[in-house]
Amino acid sequence: MIVLGIETSCDETGVAVYDTATGLRAHAVYSQIALHAEYGGVVPELASRDHVRKLLPLIRQTMVEAGLRVGDLDGVAYTAGPGLVGALLVGAGVARSLAWALDVPAIAVHHMEGHLLAPLMDDADPRGRPEPPFVALLVSGGHTQLVAVDAIGRYRLLGETLDDAAGEAFDKTAKLMGLPYPGGPQLAKLAETGRPGVFKFARPMTDRPGLDFSFSGLKTQVLLAWQQSEKSETTRADIARGFEDAVVDTLAIKCTRALDAAGCDTLVVAGGVGANRRLRAKLAAMADKRGGRVSFPPPALCTDNGAMIAFAGALRLQAGQHEDASVRVTPRWDM
Ligand code: KG4
Ligand code: ZN
């Protein structure tokens, strides 16, 4: 089965072709970062308009790269939510129209399920693909969740953030220290040169039982530290390192607890913050210590992309799911 995947939930236009026989055939992501940079954040209306401009050319380009014609497609998967309503409607409208014209099924995919299944997509891991049951840590700009995956399609929420998502905390903290948008990856880069332990921040909500997170207090701690210290590149890097260590430690502590609670030893990490090098190293060390394993998608498939949507859609289509022809999106949607 050859499935086209379309992702337009936020500020990335992602298109990919996934073949259930041979794997990922092609994928392309167009990022709107430059468009939104001068506003310091995503402007929804500009995002929708840019998806309108970029989506069809990107579909054409991806089909050429895959060496396919649209008539070869067996299905079209698209992100139906959660996300920005106008941006979602662009992807949903194009996906549904294309599926209708080609007389193939269209399938609505939950953006976070796409992230969650991404680590199962390729065979890069010599230990083979992780098989459920496992625990998934979903860490993106909009979500921080621990999910027990009993089977593909059977998910139990174990814990989530009560305020800022981990990626949002990275972005907001970067902004208050004057780093350019989008701050998360820049802050992580700066942290590479920072010294550990010069600035010590709390590991929020780790001193009590439970699997929920709270990251909003951390940025206030960073703000105070930044305001009270002498401004220099060294200070900024040391604060970035202190902040990153606090987030990474907190995530690792809760992942260990979640694995204990779910009684399993396999952890799968997905979402943009999953690209963070220190998080990857810390969770790998944690898994080694327990004799378990942790799987990450390659960094390019951690952040928003069409490949994860094509893959999640292919699994659902293979399981016989399809829908009526209405163009429906769900901006707020529990997985
Ligand atoms: O999954 P994603 O691309 O979009 C959402 O669905 O939100 O995640 C984007 C988030 C942003 O908040 C970004 O700052 C964060 O992932 N991010 C990182 C890194 N790369 C992306 N955070 C920490 N370290 C990174 N290397
Ligand atoms: Zn995402």
> Using beta carbons and a limit of 7 Å, which pairs, at least six apart or on different chains, have the first residue in region 262-284 and within 12 Å of ligand 1 (Cβ to nearest atom) and the second one charged (D, E, K, R)?
Replying inline: ARG278/GLU244
> Which one is nearest to the chain's Cα centre (by Cα) among residues in region 33-65 that are in a helix (DSSP H, G or I) and of a type in the set (Val, Ile, Thr)?
Replying inline: ILE33
> Considering only residues of region 104-133 that are more than 20 Å from GLY320 (Cβ to Cβ) and buried (at least 24 other Cβ atoms within 10 Å of the Cβ), which is farthest from ligand 2 (Cβ to nearest atom)?
Replying inline: PRO119
> Within region 306-325, how many residues turn out to be crowded, with 24+ Cβ neighbours inside 10 Å and touching a helix residue (DSSP H, G or I) at 6+ places or on another chain (Cβ under 8 Å)?
Replying inline: 6
> Within region 5-16, is even one residue within 29 Å of ASP103 (Cβ to Cβ) and away from ligand 2 (no atom under 16 Å from the Cβ)?
Replying inline: no
> Would you pick out the residues in region 31-52 that are crowded, with 20+ Cβ neighbours inside 10 Å and either small (Gly, Ala, Ser) or within 15 Å of THR62 (Cα to Cα) (or both)?
Replying inline: ALA47
> Which residues, taken from region 210-261, are farther than 17 Å from GLU168 by Cβ, among the hydroxyl-bearing types (Ser, Thr, Tyr) and within 20 Å of the chain's Cα centre (by Cα)?
Replying inline: none
> Mind checking which pairs have a first residue in region 202-216 that is among the aromatic types (Phe, Trp, Tyr) and a second that is part of a loop (DSSP other than H, G, I, E, B), Cβ under 8 Å, 6 or more apart or different chains?
Replying inline: PHE213/LEU162; PHE213/PRO204; PHE213/MET205; PHE215/ASP163; PHE215/ASP164; PHE215/ALA165; PHE215/PRO204
>> Taking the condition of being within 15 Å of ligand 2 (Cβ to nearest atom) and hydrophobic (A, V, I, L, M, F, W, C), how many residues in region 167-181 meet it?
In response: 1
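Hey, among ASP150, ASP164, which residue is surrounded by 20 or more Cβ atoms within 10 Å (Cβ to Cβ), of a type in the set (D, E, K, R) and more than 14 Å from ligand 2 (Cβ to nearest atom)?
ASP164
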> Is region 155-164 home to any residue that is modelled with pLDDT of 95 or more, of a type in the set (Asp, Glu) and on the phi > 0 side of the Ramachandran plot?
Replying inline: no
> Of all residues in region 193-237, how many are of a type in the set (Asp, Glu) and more than 29 Å from GLY142 (Cβ to Cβ)?
Replying inline: 2
> GLY183 passes all but one of (1) in contact (Cβ under 8 Å) with a residue 60 or more places away in the chain; (2) touching a Lys or Arg at 6+ places or on another chain (Cβ under 7 Å); (3) within 9 Å of ligand 1 (Cβ to nearest atom); which number fails?
Replying inline: (1)
> If we keep just the residues of region 99-145 that are within 16 Å of the chain's Cα centre (by Cα) and away from ligand 1 (no atom under 16 Å from the Cβ), which is nearest to THR8 (Cα to Cα)?
Replying inline: LEU120
>> Any residue that is among the basic types (Lys, Arg), surrounded by fewer than 21 Cβ atoms within 10 Å (Cβ to Cβ) and either touching a residue at least 40 places away in the same chain (Cβ under 8 Å) or farther than 20 Å from LEU117 by Cα (or both) - is there at least one of those in region 241-254?
In response: no
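The values are calculated or read from the model by the stated rules, or taken from the named source; none is laboratory data. As the structure is a prediction and not an experimental result, all values here were calculated from the model. Quick reminder, even Gly has a Cβ in these numbers, built from the backbone with ideal geometry, and neighbours come from all protein chains shown.
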